[in-house]
1. Take the conditions touching a Pro at 6+ places or on another chain (Cβ under 6 Å) and either part of a helix (DSSP H, G or I) or on the phi > 0 side of the Ramachandran plot (or both) and apply them to LEU166. Does it pass?
2. Just need a number here: residues in segment 235-257 that are free of Cβ contacts under 8 Å to residues at least 24 places away in the same chain and loosely packed, with under 12 Cβ neighbours inside 10 Å.
3. Scan segment 182-232 for residues that are away from the ligand (no atom under 16 Å from the Cβ), touching a residue at least 24 places away in the same chain (Cβ under 8 Å) and open to solvent by 60 Å² or more (accessible area, probe 1.4 Å) and report the count.
4. Quick check on this structure: which one of GLY112, GLY134 is crowded, with 19+ Cβ neighbours inside 10 Å, among the small types (Gly, Ala, Ser) and at pLDDT 95 or above?
5. Considering each of ASP17, ASP36 in turn, give the residue that is open to solvent by 50 Å² or more (accessible area, probe 1.4 Å), within 13 Å of the ligand (Cβ to nearest atom), closer than 29 Å to ALA119 by Cβ and not β-branched (Val, Ile, Thr).
6. Give the number of residues within segment 137-158 that are open to solvent by 40 Å² or more (accessible area, probe 1.4 Å) and either in contact (Cβ under 8 Å) with a residue 24 or more places away in the chain or assigned by TED's automatic domain parsing to the domain that holds PRO92 (or both).
7. Any residue in segment 83-100 that is in contact (Cβ under 8 Å) with a residue 12 or more places away in the chain sitting within a Cβ distance under 6 Å of a residue that is near the ligand (Cβ under 6 Å from one of its atoms) and assigned to a helix (DSSP H, G or I)? List the pairs, counting only those 6 or more apart or interchain.
Amino acid sequence: MAGMLYLVPTPIGNLRDISVRCRETLEQADFIAAEDTRVTLKLLNHLGIKKSLVSYYEHNKTQKGDFILERIRSGETCALVSDAGSPAISDPGEDLVKACAAAGITVCAIPGPCAAITALSISGQATGRFCFEGFLSTAKKSRREHLEALIQEQRTMIFYEAPHKLLATLESMAEVFGPDRSISLCRELTKLHEEVIRTTLSGAISLYQQQPPKGEFVLIVAGAPAPEKHTPTPQDAASRVEELMQTGCSRKDAIKQTAQELGLPKNTVYEAALALSE
Ligand code: SAM
């Protein structure tokens, strides 16, 4: 019988956030694939669990991925954990899930801590519609390109960021989104120094120019304001009718098309066109 892969979220700071089901899965799995075995060992020691660990991280994921898949195919169950939070979200777990899915291996995700969702919920920004953008590139050019692709984004945006890159990222964001865009900087979530700073991009830049950023950050950036809708005036309707008639359209067709294009009732367009011709 084929085994399966469990995705086991681990605490993003507070070790008490491990769930009963995650704990049981770690206990019952045949082996644990971990991004950093030293980090996972600390968690396992805290939980009093002894289990064989396989390291699975960015630079060995191809070779170790095959090895893990082979063990699962032979009937073993694997629990995948990242350093913190939900595996497969901005970490190499994504590739292991893809490989299992492609091989027809069952993947079971256990819900639990995720830095992105924890930050979003505490941010005070709109949560109805959001998009996850993960880490921006360290290279200025590709970071700008990534942000420029988001200029029109109206949903709240979630970014992961390391403290040593934070200022450069905030500066690029202010250049692209404007200095007044609202941002919530969620730092050290669930830890002793948990902090949420709700400010603007320029406010965040001046703050971190004065005090170097420390700890782990999730940035929750407000989306772009919806573009103002132009309400068509009778003059707009009349001009459009005239324009269409000059291209050979009958008055009736021109009124119908204008009404459709401008989202106005046909009567209104008719009256506007009439008033102009009078
Ligand atoms: N897969 C994990 C998840 O979704 O929860 C995230 C992995 S990613 C490699 C690590 C990033 O998550 C950090 O650079 C930081 O942006 C964010 N992060 C993790 N723990 C955090 C915490 N306690 N407070 C704020 N951000 C955190």
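1. yes
2. Adding up the residues that qualify gives 5.
3. Summing the residues that are away from the ligand (no atom under 16 Å from the Cβ), touching a residue at least 24 places away in the same chain (Cβ under 8 Å) and open to solvent by 60 Å² or more (accessible area, probe 1.4 Å) in segment 182-232 gives 4.
4. From the options GLY112, GLY134, the qualifying one is GLY112.
5. ASP17
6. Going through segment 137-158 one residue at a time, the tally reaches 8.
7. As it stands, the answer is GLY85/ALA115, since those pairs meet every condition given.
The values are calculated or read from the model by the stated rules, or taken from the named source; none is laboratory data. Quantities reported herein were computed from a predicted structural model and do not represent experimental measurements. Glycine gets a Cβ as well: all are built from the backbone with ideal geometry, and neighbour counts include every protein chain shown. Areas reflect the complete protein model, heavy atoms only, side chains present, ligands, DNA and RNA absent. Shrake-Rupley method; radii C 1.70, N 1.55, O 1.52, S 1.80 Å.
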